[in-house]
1. So, in region A:1-88, how many Lys pairs have Cα atoms under 19 Å apart, if the pair is 8 or more places apart or on different chains?
2. How high is the relative contact order of region B:40-119, in percent, counting Cα pairs under 8 Å that sit 6 or more residues apart?
3. Tell me, what ³J(HN,Hα) does each residue in region B:77-83 have, in order and in whole Hz, if you take phi through Karplus 6.51 cos²θ - 1.76 cosθ + 1.60 with θ = phi - 60° and put x for Gly and Pro?
4. Rounded to the nearest 500 deg cm²/dmol, what is the calculated helix-only ellipticity per residue at 222 nm for the protein assembly as shown, with -39500 (n - 2.57) per DSSP H run of length n ≥ 4?
5. Name the shape class, rounded, prolate or oblate, that the alpha-carbon gyration tensor gives for region B:40-119, where a ≥ b ≥ c are the square roots of its eigenvalues, rounded holds for a/c under 1.5, and otherwise prolate holds if a/b is larger than b/c and oblate otherwise.
6. List the GluC sites (Glu not before Pro) within region B:35-143 that fall in a DSSP loop (any state other than H, G, I, E or B) and whose Cβ has at most 11 other Cβ atoms within 10 Å.
7. Please average, across the residues of A:320-332, the number of beta carbons from any other chain that are within 10 Å of each residue's own beta carbon, and give a whole number.
8. Please return the longest stretch of chain A lacking exposed loop sites, where GluC sites (Glu not before Pro) count only if DSSP places them in a loop and at most 11 other Cβ atoms lie within 10 Å.
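The values are calculated or read from the model by the stated rules, or taken from the named source; none is laboratory data. As the structure is a prediction and not an experimental result, all values here were calculated from the model. All Cβ positions, glycine included, derive from the backbone under ideal geometry; neighbour counts span all protein chains shown. The protein model used for the area step is the full one, side chains on, heavy atoms only, and it has no ligands, DNA or RNA in it. Shrake-Rupley method; radii C 1.70, N 1.55, O 1.52, S 1.80 Å.
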Amino acid sequence: MKNKTSTLFLITALLALLMGVAFGLLAALQYLIPEFLKDLLPFHKMRPFHVTTVITWIVLCATGSIYFYLSQVEKFKLFSDKLMKTHFIVFLITGIGIYLSYFFGKMEGREYLAFTPILTIPILFGWLLFGINYFKTMLKQVKNWPVYYWMWGTGIVFMMIHLTEAHLWLMPYFREHVIKDLTVQWKSYGSFVGSWNMLVYGISIYVMAKIKGDHAIGRGKLAFFFYFLGLTNLMFGWAHHTYIVPTLPWIRYVAYGVSMTEWIVLGYMIYEWRRSLTKTEKDSYPLAYRFLVTTDFWIFVNLIIALLFSIPAINFFTHGTHITVAHSMGTTIGINTSILFASLLFIVSRISAFTKKEETSIKRSLLGFNISLFLFFMALLVAGARRSHWMYAGNDTSFSNMQESLFWVYMAFFVFGITLTTSMVFIGLPILRKLINGLRL
Amino acid sequence: MTEKTKYNIAIISILLILFVVYNGFVYTSKENANPVILTEQALHGQRLWQENNCWSCHQTYGLGGYLGPDLTNVYSAKNKGPQYIKAFLNSGVKTMPKFNFSESEKEALVSYLKFVDSTGYYPNYHAIFKPSGWIELEYKNEK
Ligand code: HEM
């Protein structure tokens, strides 16, 4: 393989995934045995470790995939290989910086981006390099972009906008106003997720088009309609995170209106799904295809949940509970991680084929992944429902009593977390091995 | 540039303009009818809150991590309040780390929580549910 940098992105991403889930398990352990290891592995470090590391997985895998498609699959001549290398090195060094900042307890940042804020500068710089390389490469060589090229471009630009927005609190003007500060903080996170979804959903359309060898995919009116709908939601739909925050009502109205447009997506999915029932599923499609098909299931489940709690009257009860965590992990694992696995499988299939044995093992692990995730997800929903009930109906017992009553639910969460992790390891390791082999070619 | 590309760019431009205007409003409009501005001491408390990752276990307005309780109204809750908050800070109860705050740092954190408390209610027990799925929140210090 000529160009190794994209592979390095992917290898680092997989390592981040493995580390990230390990941190997740350690964080979950605190729910079960609060006093145990609390000094050594405190929750307030494990949680940010976990969240930042798994986000790193998503972002690096998406970035590496896009670089790979452009340079190795489409065979475009990248505007600059040097920029791509610099991008990787900048991210690698920043990553090390983030962990050092965590270890030494220099966590002046916030939720999701808890590291010391200075490190945002090199991260932004990395995205800038990616953006320059992307647009310079694409504008010259491709006319009439299919939708995924638009999505990637959009994702890169909005990533920069919202990373910046997430740090507006550094200005006293925002920090001094509790409500404005909260609103802007969660606005930026909502859109931040929307931005990486642009990258990841673009990847899913791309991989589907390549697997089916159908160039029409991603070029129709409908594909663009959904892209614009997604973009609208990225820009204006974030505020369902903050329905409950006493900010100006119009902000909350707009969010409600915009969020509800996603029903169209749901309606369309059901329509498509019914249509596809009449076609026979092809068994000959590669592994990557199976991952994309499972993603459909998770999109469906998560969309229904998200739509329900985008209705303020329902959000009122689910907000501030593990139902929210079920949604965030349900989407980042069920949708983003499945799509990214599909991307990786598509990529390694171009390096060399898996043996029959490996293929069977990955198929089995995919099944394990889906079943574990489903149960993991259910455990979080139950924990959330219990807390909601405690907040609104049975606020007669103490917080710690309520938590203790959930012991077995948290145990289930932990156990399914282990099986989920195991299945991800069995999917990830063979891919990792192939990628590393690919480096040697 | 093809026709289709121009068309897409036009739509994106319209969205972007709306986005800029909208952001302008969100950033500059008053947050609600009675905005509260943090004092120097409360800002100190906010910094301590952030640097010690209180948010990874606690929430304000239900936003944060979920291992611990929401603290939006802990300042004014029945049987709780400043002394109660202070008692927790260095206690190391349950999963909560055993912090080592000085008296003035404790005061700062209490002051921050006091300001948070004054901005509104969470949970918003007196919210009014509308048939449209909307909820009308109860705001603090209205009128
Ligand atoms: C690819 C795999 C995973 C991804 C992408 C992921 C993602 C996330 C995200 C985004 C959050 C933040 C939730 C929020 O604040 O709303 C979170 C929280 C959390 N995750 Fe994961 N997660 C993964 C796997 C796991 C596993 C295997 C475990 C182990 C049981 C785990 C345990 C936790 C815990 C304990 C929290 C904190 C919840 C709280 O605040 O109480 N995660 N995860």
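1. Taking region A:1-88 as the scope, the lysine pair count is 10.
2. Details: 105 pairs, mean separation 31.0, N = 80.
Once divided by the residue count of region B:40-119, the mean separation gives 39 percent.
3. Ordered by residue, 3J(HN,Hα) equals 5, 4, 6, 10, x, x, 5 Hz.
4. Numbers: 21 runs with 389 residues, N = 584.
Rounded to the nearest 500, it is -22500 deg cm²/dmol.
5. On the way: a/c = 1.17, a/b = 1.02, b/c = 1.15.
Cα axes put region B:40-119 in the rounded bin.
6. Details: sites: B:Glu40, B:Glu51, B:Glu103, B:Glu105, B:Glu107, B:Glu136, B:Glu138, B:Glu142; in loops: B:Glu138, B:Glu142.
For GluC sites (Glu not before Pro) across region B:35-143 that sit outside H, G, I, E and B with at most 11 neighbouring Cβ atoms in 10 Å, the list reads B:Glu142.
7. Values: counts 11, 3, 1, 0, 4, 2, 0, 0, 0, 0, 0, 0, 0.
Mean inter-chain Cβ contacts per residue within 10 Å come to 2.
8. On the way: sites that count: A:Glu35, A:Glu281.
That would be A:36-280.
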